[in-house]
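Enquirer: Quick one: the structure is below, questions incoming.
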Amino acid sequence: MLFVMKKRIKILDIIIIFIAASLILSSAYAAYVMPENTVRVLIRGQDKEWTFPIETIETVTVGGPLGNTVVKINEGRAWIESSPCDNQTCVGMGHVWRQGQWALCLPNKVMLFIEGTDDEYVDSISW
């Protein structure tokens with residue numbers, strides 16, 4: 001004789017399925033549905049990475065082997081405001097705002113990079 005057990009779906013099962021589906025959908029949206037003209041600021045430190053839209057107003061403190069490097073984003077521009085390195089070349093690099101521009105603090109292992117697409121910039125250099 002074959003016994004068939006019918007398992008009833010409980011409310012907790014439904015909640016877990018809903019949460020899992022929500023996480024999958026929101027992750028897919030964040031990864032694949034991005035506006036065409038999106039310029040992002042990518043900040044990489046020794047142990048962590050941040051990504052912000054260029055329009056964000058943000059101050060990020062990035063820890064490195066020498067101490068903390070402070071990166072600011074404001075008014076569509078990003079820059080390294082201060083760093084514990086001796087020569088301060090990264091601070092002197094000034095603001096970055098266009099796709100492909102970057103600033104580095106090599107002694108403290110911090111990278112600031114502008115990524116994405118900006119059709120307005122591309123149109124300004126077209127023939």
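Enquirer: Using a 7 Å offset from the Cα along the Cα-to-Cβ direction at both residue 52 and residue 24, what is the distance between the two label points in nm, to one decimal?
Expert: Going by the 7 Å Cα→Cβ label model, 3.4 nm.
Enquirer: Using only the Cα atoms of segment 52-93, build the gyration tensor, take square roots of its eigenvalues as a ≥ b ≥ c, and label the shape rounded, prolate or oblate: rounded if a/c is under 1.5, else prolate if a/b is larger than b/c, else oblate. All intermediate terms of the calculation are to be shown ahead of the outcome.
Expert: Values: a/c = 3.67, a/b = 1.74, b/c = 2.11.
Here segment 52-93 falls in the oblate category.
Enquirer: First select every other residue whose beta carbon is under 13 angstrom from the beta carbon of residue 106; then total the charges, Lys and Arg +1, Asp and Glu -1. Show your work: numbers first, answer last.
Expert: On the way: positive: 44, 109; negative: 86.
My count for the surroundings of residue 106 gives +1.
Enquirer: Just to check I understand the Karplus step: with θ = phi - 60° and J = 6.51 cos²θ - 1.76 cosθ + 1.60, what whole-Hz values come out for segment 92-108, glycine and proline as x?
Expert: x, 5, x, 7, 10, 8, 9, 3, x, 6, 8, 9, 10, 10, 4, x, 9
Enquirer: Separate question: With an 8 Å Cα cut-off and a minimum separation of 6 or more residues, compute the relative contact order for segment 34-109 in percent.
Expert: Working: 139 pairs, mean separation 17.4, N = 76.
Contact order relative to length: 23 percent.
Enquirer: Among 51, 80, 92, whose Cα lies farthest out toward the positive end of the dipole of segment 49-104, if unit charges sit on the beta carbon of Lys, Arg (+1) and Asp, Glu (-1)?
Expert: 92
Enquirer: Mind listing P(r) for segment 39-124? All alpha-carbon pairs, 5 Å bins, whole percents.
Expert: All Cα pairs, binned at 5 Å, distribute as 3, 17, 29, 25, 15, 7, 3, 1, 0 percent.
Readers should treat all values here as calculations from the given coordinates under stated rules, not as data from a laboratory. Given the structure is predicted, the values throughout are model-derived calculations rather than measurements. All Cβ positions, even for glycine, are placed from backbone atoms using ideal geometry, and neighbour counts span all protein chains on display.
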